[in-house]
Structure formats: structure tokens, C-alpha cells
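**Student:** My structure is below; once you've seen it, I'll send some questions.
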Amino acid sequence: MGYANQRPQSVLFGAERRSSISSVPSPQTNPNSPVKKRTPCWSDVWLKNTKSLEHVIVAMQLQSLSKDSHIPTPNSKTKPLLANFCKIDRTLLLSDELLLRILSKLPGSQRNSTFLVCKRWLNLQGRLVRSLRVMDLNFLLSGRLILRFPNLNRVDLVSGSLMSSRNSGILLSNRILSMHVDPWFLPIPGVGEENILDNMVIDRGLKTLANGCPNLRKLAFIGGSELGLLSVAEECETLQELELHKCNDNLLRGIAACENLQILKLVGNVDGLSSSVVTDIGLTILAQGCKRLVKLELNGCEGSFDGIKAIGQCCQMLEELTLCDHRMDNGWLAGLSYCENLKTLRIMSCRKIDPNPGPDEYLSPCPALERLHLQNCQLRDRNSAKALFIACGAAREIFISDCWGLVDGIFSFASHCWRVKFLSLEGCSLLTTEGLESVILQWNELQSLRVVSCKNIKESSISPALSSLVSILKDLKWRPDTKSLLPSSLIGTHMGKKGGRFFKKTWDIKVRPVVHDHTSARHT
């Protein structure tokens, strides 16, 4: 039954096929007979309309580059294709790596504003940022910091850990940090600690930062505990520079895990902000844990001979030691002799050096010391000054700037430094010409001298011996008083060399022959 029903349909299809074949003209038929036109096929369109096809291909390519851009079809009555092509972001043809290399070549002032172009450039600019100062710790705790700047290696969290009033016009600033305070703020010990975030919050921020930035190299923060410092030490193995504010002995327990640490700054007691204490216990923990230290700065820290001795014995790579506003006990200067590779010693903003250093036979100079810097210190005590210059007897360069109490008797102890090649005096208003002359005439290796703003050093009291010594120096900057003029007896000693060069250019332009005769007459 089914086959009988399908047979008439097959017969009908066959008849239609024969009729269609018979309707096609044969080449043997009469040429004068009318021939029906063949229906166009796709090959004809492909060969004839090549111009339209080119527009279609270009449109497809541009649409693949920018999905959001509208590419009109060839038949649409819009602007030409070239005009629309100019509106397309051509930087989409560049890969992220190539565009990062281009943006990295821009100056910093131009690179910082590139994130305003588009979202893609915003992400790329964030990948180029390496150093950042966080002003709000919530930006770190929310995770937005890591998403915005994934390649950070230097981060400062000090300002973000302070609860400062941004709307206040009162700015509290010192040599360490600055913050906006309310009118009721009193700069007395203990009051400033209320403006620092809780240690648990800071530890949480440190853990978030360590997990998101494992390539961290420099970190600065205030507060926290040893748990937060341990999380940083475990995740950031490449950490090389660390700055700890409000530091104490308990916080230093977590620093032992920072095996690759090379630069360390400890800030303990700061008047009006924090009253943390770093003693010999913390210095000993530091010395046993960070044996690769190269630079160490102790700011507002306590300690004694034992702490300095432990640092010298354990940190054998230490080359630079800075003491700022220290609270060291008596006798700490004797511990400097254990720092065998110490090259630079900086003492800054200290009210005292070492009031009771002990007998001179217990003091020995650092063998490798090259530079001694004294800045904003009180040098009124004779025992302290004498012990300091004995401990720094091997120094080749001495810098003294704005130190109170540096009279001729105190400066005379600098003769214990027998290898000095460079001396710089600035703001030493009590030192006289006789006191300077009595010391530098004993230095046979002196090559450079710099005297600036020392009003009691007068050119009129310079002796012939000092004048002859100055004449053979390789480098000289002589500006003891800006109002004083160079006397005619020191013309050949190269004093005031810069001023002479400056005026010489003026003379050469205006009255060169007259100056030539005048100078020749002066030499005769």
C-alpha cells in the first residue's frame, strides 16, 4: 500500500525533470531560434562585483577588531568607510606587551595621566606603577589596591595607618612624618598614639599586601605586631628594605624571618607621637636575625655597649650606621670597634653623644671607617667629643653641619683623625680661624676643604702657613661669610675660586684690557 501511494509522485517528478531538460536549448538547434536567458549564478556575482566584495572583506576585518564600532554595509547610505575607519581605536592592533613597552618610555609626568584614555590603558598604567604611598588603609583592605596596581615592589603604609583629619588645616610635621591633627591635639607623650590604627587592622593589611605583592622589595609601616611582620617575611622573600615606625622589642621578633634584608630603619620613641622602646634585647634579636644588613638607622632607640657590640659581631656586612636622636646609655661608643666593615657613621639630631665613654684605653678606632657625619648635634661635652674622634680616628672624610658647642677646644680633638682628606664645615659659628688652623695643619693628607657660613673664621686672621696649605689643595670652597671680601694677600691661593671665575667672565666682555693690566700690576 505504501509503495503504490509513492509511485505516482515519482512519476510526476520524472515528468517534471524531462520537461525541464527538454526546455534547455541544444547546440544543434537552429541558431535563429529564440534562446531563453540563463539565470545568474554566484560565480557571475563573484567575478563581476569584485569592488563590492572588497568592501565586505574590509568591513568584516574591522568588525573583528572592534566589536563596539558600527561598520556600515556597502549599500547603506552613511559616511564613507574611510571616515569611519578614522574613528576606530588603532591601538587595538597593538598587544598589551608592546603597548606597555611604549608607555614605559614616556616621562613620569606624561605616563601618570595615560589612565584617562580608556579602561584598557587604565589597567596597563596600573601595571607600570612600582612605587606607591597609601593614604587610606581601606583601599588596601578592600582588595582594590592589588587589582589596580598588581606589580608593586615599594609600598609606604605610614600615612594610611594614621587617623588624621583631612579637613583640618593644622599640619603636624617633624623630620620623620607629617599628619593633619585636630585643634585639641596636644604634642605630649602618649596622645599621638591614639591617632594610630589598631595593631590587628594593620596586621590584616600587611597580610593582604603580602599575598597580593609577593615581589615586594621595600616596605614602610607604623604599628602592627610580630604576626603581621612574619606574614610579610614568609610571602615576600625578596624584601630588601624595611622601615618600622613605633617599633619595640616584641615587633622585632618577627624580623628574624627576613633573611634577605639589607636596609633597615627603626623608629622608636618620637616626641608627641609614640613612646615605643627598643633596647639591647631588640638590637640583639635584630643582629642574630638579619645578618646581611648593609645599612642600619636607629631613630629614637635605646641601647648600650652590648647592643652595638652584637650588631658589629653578627652583621659583618654592615657598612653604614645612622643614629638619630638616640637614647643610648653611657659607654656605647666603645662598641663601634666591633663593626669591622663599617665605612660611614652618621650622628644626627642628638642632644648628647656619650657623656661617660670610659677610659681612653678602652676606645679603639673602627678600622674601615671612611666617613663621619655630624649634623644638628650638641658637642658641648669634651669627653664625648674626644671619645667620638678617637673611635673615628681612621676617618678620611669629616662632615660637620649646624652643630652647637663646636668651639676651638672641642674641634681640637679632631686631630686624632690622622688620615683626613676632606673636611666640610657648615654653620659652625663658634669656630675661629685659629682653631681651624691648629687642626688642619696637622693633616698631611688633606686635599679638599669646604668652609661655609662660619662667621668667626675671618680671612684677615689667616696665617702664611694656612695660606700656603690652601694654595696646594685640589678642591676648595671658601665661603665663611657672604659679606666678607677676599683680601689681596690671598689672590694666588685659589680662595673664592667660583667668584673669581664669575667676575672674570664679566670682565672679559666689558673691560678686558683694563683688567689685564690691573692683574699684572697686582702680581708685580
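The values are calculated or read from the model by the stated rules, or taken from the named source; none is laboratory data. Here the structure is a predicted model, which is why all the values come from computation and not from measurement. All Cβ positions, glycine included, derive from the backbone under ideal geometry; neighbour counts span all protein chains shown. We work out accessible area using only protein heavy atoms, side chains counted, and drop any ligands, DNA or RNA first. Shrake-Rupley method; radii C 1.70, N 1.55, O 1.52, S 1.80 Å.
**Student:** At a probe size of 1.4 Å, how large is the accessible area of H373, to the nearest 10 Å²?
**Tutor:** 40 Å²
**Student:** Where Lys and Arg each count +1 and Asp and Glu each count -1, what net charge lies around T433 among other residues with Cβ under 15 Å from its Cβ?
**Tutor:** Summing Lys and Arg as +1 and Asp and Glu as -1 gives -2.
**Student:** By how many nm would the segment from L103 to Q442 grow when fully extended, if each residue of separation counts as 0.36 nm and the alpha-carbon distance is taken off?
**Tutor:** 116.3 nm
**Student:** Turning to a different aspect of this structure: Can you tell me the relative contact order of the range 278-425? Whole percent, Cα pairs under 8 Å, sequence separation 6 or more.
**Tutor:** It rounds to 18 percent for the range 278-425.
**Student:** Now for a separate question. Net charge near S384, counting Lys/Arg +1 and Asp/Glu -1 over other residues with Cβ under 10 Å of its Cβ?
**Tutor:** Surrounding charge for S384 is +2.
**Student:** Can I ask one more? Taking 7 Å along the Cα-to-C-beta vector as the label spot, tell me the K352-K295 distance in nanometres, rounded to one decimal.
**Tutor:** Reported label-point gap for K352 and K295 is 3.0 nm.
**Student:** For Y362, Y338, give me the order by solvent-accessible area with a 1.4 Å probe, most accessible first, ignoring ligands, DNA and RNA.
**Tutor:** Y362, Y338
**Student:** Still on this structure: Where Lys and Arg each count +1 and Asp and Glu each count -1, what net charge lies around L147 among other residues with Cβ under 13 Å from its Cβ?
**Tutor:** Local net charge: +4.
**Student:** Just reorder E226, E97 by solvent-accessible area, largest first, 1.4 Å probe, all chains present.
**Tutor:** Sorted descending by solvent-accessible area, the residues read E97, E226.
**Student:** Solvent-accessible area of M317, probe 1.4 Å, all protein chains present, reported in Å² to the nearest ten, please.
**Tutor:** Estimated to the nearest 10 Å², M317 gives 100 Å².
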